[in-house]
Structures are given as C-alpha cells and as structure tokens.
Amino acid sequence: MEVEPMYCAEQIKVPPNLADVLKAYTKEVIRQQPADILEFSAKYFAHLATASDMSSDFIPPTVSQIRQVNVQLRANQLLPAGQLMELCKGTGVHEGTLKKVWQLGNFGTDAKLNPLEVLVLMLTMTANELPTVISNMFRAFGGEGSHLETPTFVQLVTLLSKWDSSLTVQKCNALKESVEGSETLVFRDVKDLPVLQELLTPAAEAKAPES
C-alpha cells in the first residue's frame, strides 16, 4: 500500500472523532494498567470495532422489554438459546438486535444459556454511561419500588463486570462486602458507596499523564 508523503500541515486531516476515541482508550489503559500494552490494545480496538459495527436494523432494547423477559423466567433456570430468543422477540426486541447480542456474547444457538447473562448484556445497550446502566438494572430486575435483593444485585453486578472492564474482581468483591447485611437495595443505597463512586461518577476518571 502506497502512502502519500506529507510535506505541510494542510495535508493532515484529523478525523472528527479521533480525540474522543484516543481519550477513551487512554483512560482504559490507565485504569487497567496492562502488562502487555500491545496485546491489550489489539483486544480493545477489536472489541470496539465489533461493538460499534451495528447494522442498520439494530434497535437498542428498552428497559421495559428486558423486564418483561425477566418476569417470565424461573430462578436459576437455564434455557435453550432458541427459546430465550423467542421470549425476547415476544416482548418486541428487534431480531437484528438479538443477532448482535448473540454475536457479542458468543452465546451460540444450540446451547442452554443463563438468561441473566444475556439480559445483562442487553442492559448495557440501554445507556452509554455506567451510572445509567446500573440505575436501569434496578428498574429491569427489581421488584416493587425497584428493590433488588442483595444477592441478586451482587450476581447482576458480577455479570455486568464481564462486559464492563472498569468493574474489576477487586471492585466486585469490595462491593459485595459493602452491601453485606442489607436484605434489599435500591439505586440510592448503592450510588454513594465509596467503591462505586469512581465508577458511577463520570468526572472521577483517570487523567492521562502530562507530557
């Protein structure tokens, strides 16, 4: 591939979203502190490309749709992938959306699945910011008044950590310890916990070192 030589600043065309992409990438590197930055970068941008490759028929699922599927499930029940997909379609989740969910989750079409794992991945598509995703978690999986039993909350956050790299094992364990002793929780009970403050507050992000 031939590359045109650049002789002056006027030849440089910076893509409009380059700064946002590099900013998000830099924050993730600082947060994760990967031992092999090249391997981490390859995986990071491969995942980003897959996640952003949404077809024209992709329509984000709604919190209401996720809740409708959840209320039809039995506790700790594994479902065949096809049956779970039909449940989702029955609540109005778009077929193109489900294809993207199955692709991102690498769920397969023949195995029995943990429905919560699928629904939590769908939950990450309802908002761009973690605070809103966790708030939606209470709305989608909570009972009356959006209350969640504490063990259920811990389980859901653990599943969420699979899709959100900021929820490390250490943070999940610290969160579990922070809510021990509580039978049920609502969003306001957890949003001010110290272990979640840096995750729930967009402003509390790592800063890139000055050059």
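The values are calculated or read from the model by the stated rules, or taken from the named source; none is laboratory data. Just so it is clear, the model here is predicted, and its values are computed rather than measured. In this analysis, Cβ positions are derived from the backbone assuming ideal geometry, glycine residues included, and neighbour counts consider all displayed protein chains. For the accessible areas, the whole protein counts, side chains as well, though only heavy atoms, and no ligand, DNA or RNA atoms are used. Shrake-Rupley method; radii C 1.70, N 1.55, O 1.52, S 1.80 Å.
Numbers below:
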quantity	calculated
Which numbered condition Ser56 fails, given (1) modelled with pLDDT of 80 or more; (2) over 20 Å from the mean Cα position of the chain (by Cα); (3) hydroxyl-bearing (Ser, Thr, Tyr)	(1)
Matching residues, the range 156-211, being of a type in the set (A, V, I, L, M), at pLDDT 85 or above and crowded, with 16+ Cβ neighbours inside 10 Å	Leu156, Val157, Leu159, Leu160, Leu175, Val179, Leu185, Val190
Test: Val93 is of a type in the set (A, V, I, L, M), at pLDDT 90 or above and not in a helix (DSSP H, G or I)	yes
Failed item in (1) under 18 Å from Leu159 (Cα atoms); (2) more than 21 Å from the chain's Cα centre (by Cα); (3) surrounded by fewer than 16 Cβ atoms within 10 Å (Cβ to Cβ), with Leu79 passing the rest	(3)
Those residues of the range 6-47 which are open to solvent by less than 70 Å² (accessible area, probe 1.4 Å), modelled with pLDDT under 75 and over 17 Å from Ser166 (Cβ atoms), in sequence order	Cys8, Gln11, Ala46
Selection within the range 165-188 - part of a helix (DSSP H, G or I), among the charged types (D, E, K, R) and in contact with a helix residue (DSSP H, G or I) (Cβ under 8 Å, 6 or more places away or on another chain)	Lys171, Lys176
